[in-house]
1. Could you please find all residues in the stretch 29-45 being within 17 Å of Asn64 (Cα to Cα) and either surrounded by 20 or more Cβ atoms within 10 Å (Cβ to Cβ) or free of Cβ contacts under 8 Å to residues at least 12 places away in the same chain (or both)?
2. Look through the stretch 1-28, keep the residues that are open to solvent by 60 Å² or more (accessible area, probe 1.4 Å) and out of contact with any Phe, Trp or Tyr (no Cβ under 7 Å at 6 or more places or on another chain), and return whichever of them is nearest to the ligand (Cβ to nearest atom).
3. If I filter the stretch 166-188 for residues that are open to solvent by less than 60 Å² (accessible area, probe 1.4 Å), in a helix (DSSP H, G or I) and farther than 30 Å from Val263 by Cβ, do I get at least one hit?
4. Find all pairs meeting these conditions: Cβ atoms under 8 angstrom apart; at least six residues apart or on different chains; first residue within the stretch 51-71 and more than 23 Å from Asp33 (Cα to Cα); second residue of a type outside the set (Val, Ile, Thr) and open to solvent by 80 Å² or more (accessible area, probe 1.4 Å).
5. State which residue is farthest from His175 (Cα to Cα) when the search covers only the stretch 67-89 and only residues that are within 13 Å of the ligand (Cβ to nearest atom) and at pLDDT 95 or above.
6. More than 28 Å from Ala218 (Cβ to Cβ) and either within 14 Å of the ligand (Cβ to nearest atom) or surrounded by fewer than 16 Cβ atoms within 10 Å (Cβ to Cβ) (or both): is that true of Pro136 in this structure?
7. Only one of Lys304, Lys221, Lys245 is open to solvent by 40 Å² or more (accessible area, probe 1.4 Å), within 30 Å of Arg24 (Cβ to Cβ) and basic (Lys, Arg). Can you tell me which?
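The values are calculated or read from the model by the stated rules, or taken from the named source; none is laboratory data. In this text, all values refer to a predicted model and were calculated from it rather than measured experimentally. So basically every Cβ, Gly included, is an ideal-geometry build from the backbone, and we count neighbours across all protein chains shown. These accessible areas exclude ligands, DNA and RNA; they are computed on the full protein's heavy atoms, side chains included. Shrake-Rupley method; radii C 1.70, N 1.55, O 1.52, S 1.80 Å.
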Amino acid sequence: MRFKVGIIGAGNVGAEAASEIQTRQIADVVLVDIIEGLPQGKALDMTQASPIYGISSRVTGSNNYQAIEGADVVVLTAGLARKPGMSREDLLITNFNIVKGVSEKIREFAPQSIVIVVTNPLDAMVYTAYRVTGFPPARVVGMAGALDTARFRAFIAMELGVSFDCVQAIVLGSHGDLMVPVVRYAAVSGIPATELIPRDRLDAIINRTRQGGGEIVALLKTGSAYYAPGVAITEMVESILWDEKRLLSACTFLNGQYGIKDVFVGVPIILGKEGVEKILELPLSPDELTALSTSAQHVRDLMKQVDTLFGG
Ligand code: APR
């Protein structure tokens with residue numbers, strides 16, 4: 001059986017995800033974008049790499065949303081990316097309109113799909129897609145925690161000069177400055193990171209993780225990160241399609257967990273063929289819980305702005 005992934009937005013993030021999904025042979029991919037020729041050209045380019053990779057996954061491109069018909073997973077990356085000096089929240093109004101329009105098409109053409117939202121400001125855009133599609137919360141999930149966690153792990157590994165794959169960690173909360181890298185749960189080959197790295201260095205790593213996207217925007221000057229986001233999307237797509245049930249952090253709807261209700265925010269979940277199959281409630285210290293609540297309150301404020309944009 002072949003799986004199908006629709007990726008809406010054939011820009012930097014969408015194309016990187018498409019290429020990863022193709023080369024790992026996870027699914028066939030259809031790229032959709034409003035710019036004529038862009039998804040077709042990138043799809044053709046990726047197709048021509050297939051003989052060298054020795055793979056059979058197909059990538060096609062279209063300017064017609066109908067191309068996502070039958071997709072098992074739809075990845076939503078359409079929208080503006082940040083430029084230097086911008087916060088993710090600065091993108092709210094423009095990207096709200098794009099995500100709203102695209103979500104209507106997902107509801108129409110891929111009503112059974114699981115949607116992974118990537119467009120920023122992430123948590124508010126997941127809420128937008130959820131409202132427009134009317135899909136159950138388990139089938140509308142946001143990609144942020146997988147990326148923020150990868151950044152946190154990378155910085156810990158760099159600090160110690162160890163291989164990246166030795167480091168395990170988790171980042172909770174909203175995708176922005178208020179995210180919560182839970183240092184107490186970070187470990188290097190099973191050894192708590194707090195035993196290996198002095199507190200002031202850990203604090204610097206936490207700050208760098210929070211600013212991880214901004215650091216790249218400042219360097220690139222013309223856009224935002226896409227290699228790690230593309231792979232983080234792929235990790236989630238793979239966990240869904242192959243029903244791997246990976247435990248990772250993702251933006252999902254909380255209904256009382258962690259004392260937080262009716263908010264989309266990043267927490268540990270189990271991701272499988274049904275989408276968000278379980279939300280895990282980690283024991284958190286009072287400080288960690290306060291940080292998560294503050295982060296959730298920030299999202300609640302953005303969700304109110306989204307409600308206003310919907311007209312109530
Ligand atoms: N339908 C389909 N595609 C659209 C639409 C739409 N309504 N509106 C915009 N797009 C496309 C653009 O034409 C562009 O090709 O979305 C693509 C966005 O690509 P980039 O500008 O390269 O942005 P990218 O770096 O991929 O980031 C996309 O993901 O990480 C987030 O903050 C980032 O919100 C941004 C999104």
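1. Kept after step one, since they are within 17 Å of Asn64 (Cα to Cα), are these residues of the stretch 29-45: 29-44.
Within the stretch 29-45, Val29, Val30, Leu31, Val32, Asp33, Gly37, Pro39, Lys42, Ala43 meet the criteria.
2. Let us first name the residues in the stretch 1-28 that are open to solvent by 60 Å² or more (accessible area, probe 1.4 Å), namely 1-2, 12, 24-25.
Applying the additional criterion that residues be out of contact with any Phe, Trp or Tyr (no Cβ under 7 Å at 6 or more places or on another chain) yields 1-2, 24-25.
Numbers: Met1: 28, Arg2: 24, Arg24: 19, Gln25: 23 Å.
Ranking the candidates gives Arg24 first.
3. First pass over the stretch 166-188, keeping only residues open to solvent by less than 60 Å² (accessible area, probe 1.4 Å): 166-167, 169-176, 179-183, 186-188.
Okay, now just the ones that are also in a helix (DSSP H, G or I), so 166, 183.
Okay, now just the ones that are also farther than 30 Å from Val263 by Cβ, so 166.
Among the residues of the stretch 166-188, at least one is open to solvent by less than 60 Å² (accessible area, probe 1.4 Å), in a helix (DSSP H, G or I) and farther than 30 Å from Val263 by Cβ, which makes the answer yes.
4. Ile55/Gln25; Ser56/Gln25
5. It comes out as Ala67.
6. Details: more than 28 Å from Ala218 (Cβ to Cβ): yes; either within 14 Å of the ligand (Cβ to nearest atom) or surrounded by fewer than 16 Cβ atoms within 10 Å (Cβ to Cβ) (or both): yes.
For Pro136, the condition - more than 28 Å from Ala218 (Cβ to Cβ) and either within 14 Å of the ligand (Cβ to nearest atom) or surrounded by fewer than 16 Cβ atoms within 10 Å (Cβ to Cβ) (or both) - is met.
7. Values: Lys304 fails: within 30 Å of Arg24 (Cβ to Cβ); Lys221 fails: within 30 Å of Arg24 (Cβ to Cβ).
Answer to the check: Lys245.
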